[in-house]
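K.L.:
The structure that follows is given in the form of structure tokens.
FYI, it's all coordinate maths here, none of it is from the lab. Keep in mind that what you see is a predicted model, and the values were worked out from it rather than measured. Cβ placement follows ideal geometry from the backbone for every residue including glycine, while neighbour counts extend to all protein chains displayed.
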Amino acid sequence: MIGLNDDLKAYAASGKTVKIGLIGAGQMGTDVVAQTSMMTGVDVVVIADVNLQRALDAYKIARIDKEVVEVKSAAEADAAVLAGKRVAVNDYRIVCDMKQVDVMLEATGVPEIGSRAALRSARSGQALAMMNVETDITVGPILHWYAQKKNVLYALAAGDEPAACKELYDFADSLGFTIVAAGKGKNNPLNRHEVPTNPEIIKDAERRGLSPNMLIEFIDGSKTMIEMAAVSNATGLVPDVRGMHGPSTDRDHLNQPFSLKEDGGLLSKMGVVDYGIGRVAPGVFLVVRTDHPRLREAMILRDMG
């Protein structure tokens with residue numbers, strides 16, 4: 001990410017922008033539209049959602065001041081973008097078939113739609129940016145392989161927990177540290193038996209702008225399992241036990257539960273993915289170790305161990 005701001009400014013100065021086609025105008029998708037509206041060199045030019053009104057609302061919430069049009073084909077959408085307009089559609093295939101889209105950003109959270117959209121966009125030569133981690137853990141390796149065949153990029157979205165965790169892992173691994181555990185903080189109370197039909201859940205979901213099913217993913221642990229499965233696929237780290245341990249902990253004491261049993265921790269082996277409940281969220285973590293006496297001394301000196 002270093003230098004990205006300068007690269008985008010230079011790209012914009014050359015008269016170009018990275019044109020994004022967004023599929024899924026839920027909470028995350030709408031946030032993307034709002035954020036990119038503040039950026040230089042990046043524009044969301046088309047939004048697809050099965051509920052067309054959500055696509056229109058996303059532009060409105062983001063305060064996009066360009067004319068927004070509804071179209072029925074990729075050709076119409078391309079023409080509208082070339083005319084300086086923004087496009088809203090209720091068919092994701094239109095986004096995938098557009099020539100005026102550089103990057104397809106998938107944010108539906110639905111594995112079937114995500115996989116179909118990724119394959120179709122790759123065939124169109126669009127880069128694939130996935131905010132749909134549910135798709136990634138299901139068929140991500142296949143989509144990555146297919147994208148390589150089509151000479152396009154396939155990547156998870158930077159900033160979400162799996163990608164942030166992978167960045168930490170790559171950094172520590174490149175320095176030669178032994179990886180003990182990689183994980184995330186769970187930022188909701190864990191209730192494995194909660195259901196989306198609970199009236200309180202429905203009310204809370206409406207307040208947050210989520211569907212009850214999506215909110216339940218955060219409460220019953222599904223979302224955490226999904227995200228750590230993505231980290232596992234990307235790094236080769238595996239759960240120590242089925243469902244992971246998920247101890248109560250905080251940032252300053254992560255190395256205690258996430259250490260070997262012989263050292264007083266929970267783990268039967270090193271190189272695992274897991275999560276912590278407590279003052280770790282929202283965030284990701286990496287627990288590492290080294291046997292080099294100089295480096296151990298340096299880490300203690302810098303409050304790293």
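K.L.:
Considering only Cα-Cα distances, which of the following residue pairs are longer than 26 Å: LYS85/LYS223; LYS19/LYS72; LYS72/LYS203?
P.N.:
LYS85/LYS223; LYS72/LYS203
K.L.:
Treating the angle as unsigned and between 0 and 90°, give the value, to the nearest 10°, between the Cα long axis of helix 111-123 and the longest Cα principal axis of the chain.
P.N.:
Value to nearest ten degrees: 60.
K.L.:
Over the chain, what is the mean sequence separation of C-alpha contacts under 8 Å (at least six apart), divided by residue count, expressed as relative contact order in percent? If you can, show how the numbers build up before the last one.
P.N.:
Numbers: 559 pairs, mean separation 42.6, N = 305.
Across the chain, relative contact order equals 14 percent.
K.L.:
Test of understanding: express the Cα radius of gyration of the range 88-212 as a ratio to 2.2 N^0.38 Å, with N the residue count. It would help to have the intermediate numbers written out before the result.
P.N.:
Values: Rg = 17.7 Å, N = 125, 2.2 N^0.38 = 13.8 Å.
Taking N as the residue count of the range 88-212, the ratio is 1.29.
K.L.:
When the helices in the chain are scored as -39500 (n - 2.57) per DSSP H run of 4 or longer and the sum is shared across all residues, what 222 nm value do you end up with, to the nearest 500 deg cm²/dmol?
P.N.:
Calculated at 222 nm, the ellipticity per residue is -13000 deg cm²/dmol.
K.L.:
Right, next: Quick one: Cα convex hull volume of the chain, Å³ per residue?
P.N.:
150 Å³
K.L.:
Which net charge results when you count Lys and Arg as +1 and Asp and Glu as -1 among the other residues whose beta-carbon is under 11 Å from that of LEU56?
P.N.:
Local net charge: 0.
K.L.:
Could you list the square roots of 5 times each eigenvalue of the Cα gyration tensor of the range 4-156, that is, the equivalent ellipsoid semi-axes, sorted largest first and rounded to whole Å?
P.N.:
The equivalent ellipsoid of the range 4-156 has semi-axes of 22, 18, 15 Å.
K.L.:
Follow-up. Which lysines have a Cα less than 18 Å from the Cα of LYS150, not counting those fewer than 8 places away in the same chain?
P.N.:
Cross-link targets: LYS99.
K.L.:
On to the next question. Cβ under 11 Å from VAL103's Cβ, VAL103 left aside: what net charge do those residues give with Lys, Arg +1 and Asp, Glu -1?
P.N.:
Values: positive: LYS19; negative: ASP43, ASP102, GLU106.
Once all neighbours under 11 Å are counted, the net charge is -2.
K.L.:
Taking 4 °C and 1.567 mPa s as the conditions, I'd like the Stokes-Einstein D for the range 42-112 in µm²/s, using the Kirkwood hydrodynamic radius from alpha carbon pairs. Don't skip to the end; give the middle numbers.
P.N.:
Values: Rh = 12.1 Å.
It comes out at roughly 107 µm²/s.
K.L.:
I would also like to ask the following. With a sphere of radius 14 Å drawn around the Cβ of GLY265, what net charge do the other residues whose Cβ falls strictly inside it have (Lys, Arg +1; Asp, Glu -1)?
P.N.:
Details: positive: LYS261, LYS269, ARG289; negative: ASP240, GLU262, ASP263, ASP274.
After counting each charged neighbour, the total is -1.
K.L.:
Can you give me the three principal axis dimensions of the range 148-305 from its C-alpha atoms, in Å, biggest first?
P.N.:
That gives 56, 46, 28 Å along the principal axes, largest extent first.
K.L.:
In whole Å, what three semi-axes, largest first, describe the equivalent ellipsoid of the range 11-79 built from its Cα gyration tensor (square root of 5 times each eigenvalue)?
P.N.:
19, 16, 10
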